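Report on the structure given below.
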Amino acid sequence: MAASLPSAAVLGARAFAALEGLNRFTDEPGKLTRLYLSPAHRQAAEWTKGAMEVAGLTAFIDAAGSVQGRREGPVPGEPSVMIGSHIDTVKDGGRFDGSLGVVAGILVAQALRDAGMSLPFALEIVAFGDEENVRFPTHLSTSAALAGGYDPAWLETRDADGVRLSDALREFGGDPGGIAALARRRGSVKAYLELHIEQGPVLEVENEAVGIVTAINAQRRARIRVTGEAGHAGTVPMSLRKDALTASAEMALAVETIAAAHEQAVGTVGVFQVSPGAANVVPGRVEFTVDFRSPSNAVLGNMEAAIRRGFGEIASRRGVGIDIDVYTNAPAVPMDSDLQEALAAGVARAGGNAAARHLPSGAAHDAMAMAALCPAAMLFVRNEKGISHSPLEAMTEADAGIAIRALLEAVVELARRAG
Ligand code: GLV
Ligand code: MN
Ligand code: MN
């Protein structure tokens, strides 16, 4: 039976061709920018729905904007094995982050259909739409919707242009009132698998095409508002200034120092907005974000305490006000060990290393939200120099092929175990 499955080389070529199709859709010509609920997201969702239908799945775009595709097992409505990832991107992002995993799932469904292979469970492929969480202050909202963890307060949040999430969702063609009903019943999904580029350098350094994720690191995100006193850049003496920007700059440096002092931790100030933003005005207000992560929940707690202490000290020394709003607090999520073994069997059968490399994930993934609903596991693919969230993101067609073949073999392995 397995002889009729496509080779890794064929799967890699199909994946790169499909990515060309999907990545035509961007909100910024010349770059790949596809934020949640944008026009390009809608176009990409429709393209994905079409590709799922071509692969023999029954597909629809759900109330939260995810594309869901399904082929039934022997008994319609019985539990599924789900393969998912996301089609939203960061601003000026890469071609593989998320999209590769969605295309991989569709190619797995297509290969099984073409080989005439029946499975003892339903197969679902899902293209989530809000993994990057760069437009609204959400956290994996579209996968959380399926996992039953959607926070209704997210619907009231606004993007940088003041657009409310619920309004953007209606404009997209979604339905805020339909989100609660997306939550899957516990037991209705047997397993969630996600293939994703590593977004780090480990596999390349170790000369491995693929690796199996052990756990996804804990992560917190905060929005900081520093309030100083705006004034004339030519007349306010240096000793009398309450400059919100220089205070915030010192805080950003403190984040760097604190993260470096905690083993395996990272901390990033990725958004920095200065008001009023004129060359001849002392900045009166700054808003910035802090994203910090660690494999350990306890370490992350210590980092938050250090950040609060450090920011408080800087603010009082400089006479500025500070408001810290931690809007994401996601604990570390271990991946399911049985599913890690199924992926390892898939890797071995796909011609990879018999003892697959295991590694943690520093990036967040939809698997993090899905793990609250069902056993979840991830397969990483090597990418060039570990560069991601950048147009320089690159990987080989050969590696993509090995990974997709391994994912396909892992689904076959789960079928064997179930049968
Ligand atoms: C998503 O890519 C994240 O980890 O921020
Ligand atoms: Mn991603
Ligand atoms: Mn990403």
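The values are calculated or read from the model by the stated rules, or taken from the named source; none is laboratory data. Predicted model only: the values in this text are computed from it and were never measured. So basically every Cβ, Gly included, is an ideal-geometry build from the backbone, and we count neighbours across all protein chains shown. We work out accessible area using only protein heavy atoms, side chains counted, and drop any ligands, DNA or RNA first. Shrake-Rupley method; radii C 1.70, N 1.55, O 1.52, S 1.80 Å.
Side notes on the structure shown:
- Within a Gaussian network of the chain (alpha carbon springs, distance under 10 Å), most fluctuating of 274, 126, 81: 274
- Helix axis angle, 337-349 relative to the chain longest principal axis, alpha carbon, degrees: 60
- For region 1-78: rounded, prolate or oblate by the Cα gyration tensor [a/c cutoff 1.5]: oblate
- Annotation: extensible slack from residue 348 through residue 180 equals 56.5 nm (criterion: 0.36 nm per residue apart, minus Cα-Cα distance).
- Inter-probe distance in nm under a simple model that places probes 7 Å from Cα toward Cβ, at residue 257 and residue 397: 5.1
- Probe 1.4 Å - accessible area at residue 253, Å² to nearest ten: 110
- Cα-based helix-to-principal-axis angle, 8-22 vs the chain, degrees rounded to 10: 50
- For residue 91, the lysines whose Cα comes closer than 26 Å to its Cα, not counting residues fewer than 8 places off in the same chain, are 31, 49, 385.
- Carbon/sulfur fraction of accessible area - the chain, other protein chains in place, 1.4 Å, %: 53
- Region 198-321: C-alpha gyration tensor shape, a/c 1.5 cut-off, then a/b vs b/c: prolate
- Separation in nanometres of the label points that stand 7 Å from Cα toward Cβ, at residue 308 and residue 279: 4.2
- Chain lengthening between residue 341 and residue 390 when straightened (0.36 nm per residue, less Cα-Cα): 14.5 nm
- Solvent exposure of the chain amounts to 40 Å² per residue of accessible area, where only protein heavy atoms count and the probe is 1.4 Å.
- Here is the P(r) of the chain: all C-alpha pair distances, binned every 20 Å from 0, give 26, 54, 17, 2, 0 in whole percents.
- On Cα atoms only, tilt of 244-260 relative to the major axis of the chain in degrees: 50
- Cα gyration tensor shape for region 68-224, rounded if a/c is under 1.5, else prolate or oblate: oblate
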